[in-house]
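The values are calculated or read from the model by the stated rules, or taken from the named source; none is laboratory data. Everything numeric here is computed off the predicted structure, so don't read it as measured data. Quick reminder, even Gly has a Cβ in these numbers, built from the backbone with ideal geometry, and neighbours come from all protein chains shown. Quick note on the areas: whole protein, heavy atoms, side chains included, nothing else; ligands and nucleic acids left out. Shrake-Rupley method; radii C 1.70, N 1.55, O 1.52, S 1.80 Å.
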Amino acid sequence: MSIAAIVSSPFTPSNIQLASTTSQSSISPFKSSSLTFQLTGPKSTNKNPNFKFAVTAMSLTSQQNISQTSFLDRKESAVLHFVKYHGLGNDFIMVNNLDSTEPKITPEQAVKLCDRNFGIGADGVIFAMPGWNGTDYTMRIFNSDGSEPEMCGNGVRCFAKFISDLSNLNGRQSFTVHTGAGLIIPEIQNDGKVKVDMGEPVLKASYVPTKLPANKDQSVVKAKIEVDGVNWNVTCVSMGNPHCVTFGSDENENLVVDELNLADIGPKFEHHAVFPARTNTEFVQVFSRTHLKMRVWERGAGATLACGTGACAVVVAAILEGRSERYRTVLLIYLEDRWR
């Protein structure tokens with residue numbers, strides 16, 4: 001089945017500063033048209049197993065051209081309206097779920113929607129839900145494999161822009177968001193960029209979590225993990241979700257990340273026995289003390305073009321291993337492709 005082309009405008013390159021641990025970006029507004037198709041399959045817990053989804057085809061335009069009765073406001077029953085945003089190529093199906101504390105679709109349906117050949121295609125589905133325990137909003141995510149992560153850095157930036165578009169917010173705005181990783185406070189800047197305080201990294205091994213023995217102040221820094229008979233050096237960091245960062249192995253201390261077969265090696269890290277909650281894995285190439293390049297295998301989503309929490313984890317790991325300054329550029333695959 002074919003569907004209309006879906007285009008979202010990219011965030012601008014991010015600059016992450018360890019002192020404030022923030023991620024900054026902008027996204028352009030768009031207009032849309034819609035069509036509807038049936039997502040069929042095994043019966044789910046939903047009352048209507050053949051749930052309809054409205055596909056939104058988006059094109060760039062100026063903010064003043066967006067209709068006040070746009071796709072964001074439509075409320076037809078039995079139809080799931082969504083828009084698609086991406087942060088540096090890390091793409092998400094965004095769902096207005098503000099009228100319910102339960103996601104409008106099941107994890108199994110999210111898997112079908114995220115399929116890039118037979119669905120819409122995305123790294124995950126994000127639900128904008130009512131706030132909890134005094135927060136303004138709640139953000140939940142289903143990964144493309146149906147699992148639910150605690151949080152997502154690029155996802156929360158897209159979430160903030162989505163809320164801004166839903167509420168027709170103008171100028172500098174901030175709000176509180178409840179996530180599985182705790183309270184997040186994104187801020188819409190006057191220039192349209194989205195700034196998010198990612199919080200402090202968690203380094204204690206049992207909190208990451210990892211079963212690797214701590215080797216530096218209860219943390220795991222440049223420890224060894226065996227994957228396919230190769231001893232990799234890893235540093236473990238949690239940014240609300242678990243990360244395993246590696247700059248190389250005993251056999252290859254200086255990675256050339258473009259040479260990695262990520263689809264082969266990534267799952268072996270993700271499902272390694274030393275990571276009881278599975279893990280995101282960042283493979284990092286060091287060009288200089290201020291310039292790093294990262295490829296990421298995300299837990300539950302596989303190879304993605306960018307990872308916000310992963311970029312932060314890479315910076316933390318680079319500093320802990322003495323490879324980087326506190327202010328640096330992390331080059332992601334999406335950005336590199338655009339700059340070539």
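Numbers at a glance
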| item | result |
| --- | --- |
| Residue check for N190: of a type in the set (S, T, N, Q) and more than 18 Å from the chain's Cα centre (by Cα) | yes |
| Residues within the range 94-103 that are open to solvent by 60 Å² or more (accessible area, probe 1.4 Å) and not aliphatic (A, V, I, L, M), tallied | 3 |
| Any hit, the range 301-316, residues being at pLDDT below 95 and either surrounded by fewer than 19 Cβ atoms within 10 Å (Cβ to Cβ) or part of a strand (DSSP E or B) (or both) | no |
| Considering residues of the range 277-300 that are open to solvent by less than 10 Å² (accessible area, probe 1.4 Å) and not hydrophobic (A, V, I, L, M, F, W, C) only, the residue modelled with the lowest pLDDT | K293 |
| Any pair with Cβ under 6 angstrom, 6 or more apart, that starts in the range 226-245 at a residue that is over 16 Å from R278 (Cβ atoms) and ends at one that is crowded, with 24+ Cβ neighbours inside 10 Å and modelled with pLDDT of 95 or more | T235/V245; T235/A317 |
| Residue in the range 142-163 that is assigned to a strand (DSSP E or B), open to solvent by less than 20 Å² (accessible area, probe 1.4 Å) and closer than 22 Å to S100 by Cβ present | yes |
| Boolean, V274 is within 21 Å of the chain's Cα centre (by Cα) and open to solvent by less than 50 Å² (accessible area, probe 1.4 Å) | no |
| Single residue of G121, G131 found to be under 28 Å from S238 (Cβ atoms) and either out of contact with any Lys or Arg (no Cβ under 6 Å at 6 or more places or on another chain) or modelled with pLDDT of 95 or more (or both) | G131 |
| Whichever residue in the range 184-230 is surrounded by 15 or more Cβ atoms within 10 Å (Cβ to Cβ) and on the phi > 0 side of the Ramachandran plot and, among such residues, is modelled with the highest pLDDT | K222 |
| Those residues of the range 109-138 which are aliphatic (A, V, I, L, M) and open to solvent by less than 10 Å² (accessible area, probe 1.4 Å), in sequence order | A110, L113, A122, V125, I126, A128, M129 |
